[in-house]
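No value in this document is a laboratory result; all are computed from the given coordinates. From a predicted model like this one, the values you see are computed outputs, not experimental measurements.
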Amino acid sequence: MSTKDWILYSVGEANLYQDVSFGGDNHNPAIFEIEGPAGFSVTSETTQMGQTVSKISLEISAERFDKLASAWLKHRKVSPYKYTLQELLDKCEDEELKQLVEDRQDQGEVDMGIDDLSADNKESKCHAL
């Protein structure tokens, strides 16, 4: 019997887990478990080389797949970005740009939408940035 390390679970949804590994990093495969999938098929076909290949196809909503993918990246501590900000700054040769980015990194975000940029107050709000 194995112990499941649930990465994302919700009753009646497509879920994701790994069997628990008790030493260091978990290199066990990811396993999808789907309760009552809306659409699925199991087929096999013969390739041109004469090999039989089995296929499992199933439907997962785009929204649920987004959640599964995000949870997997967090679980594996994988960054979806190729470089960190510091790595990019280290490669940058423009000292003025580097300083500008570093200065702005600690600034808070301004909460506003496109509607806030009307002709009447565009000038004052843009200067606030």
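If you stretched the chain out fully between residue 33 and residue 111, how much longer would it get, using 0.36 nm times the residue separation minus the C-alpha to C-alpha distance?
Values: separation 78, 0.36 × 78 = 28.08 nm, distance 3.95 nm.
Difference between extended and current length: 24.1 nm.
Overall, the anisotropy analysis places the stretch 4-75 in the oblate class: the square-rooted eigenvalues a ≥ b ≥ c of its C-alpha gyration tensor yield a/c not less than 1.5, with a/b not exceeding b/c.
Seen against the Cα atoms of the chain and their longest principal axis, helix 95-105 is set at about 70 degrees.
Remark: the chain projects, on average over all directions, an area of 16.9 nm² (convex hull of Cα atoms). Helix 62-75 and the long axis of the chain differ in direction by around 80°, with both axes built from C-alpha atoms.
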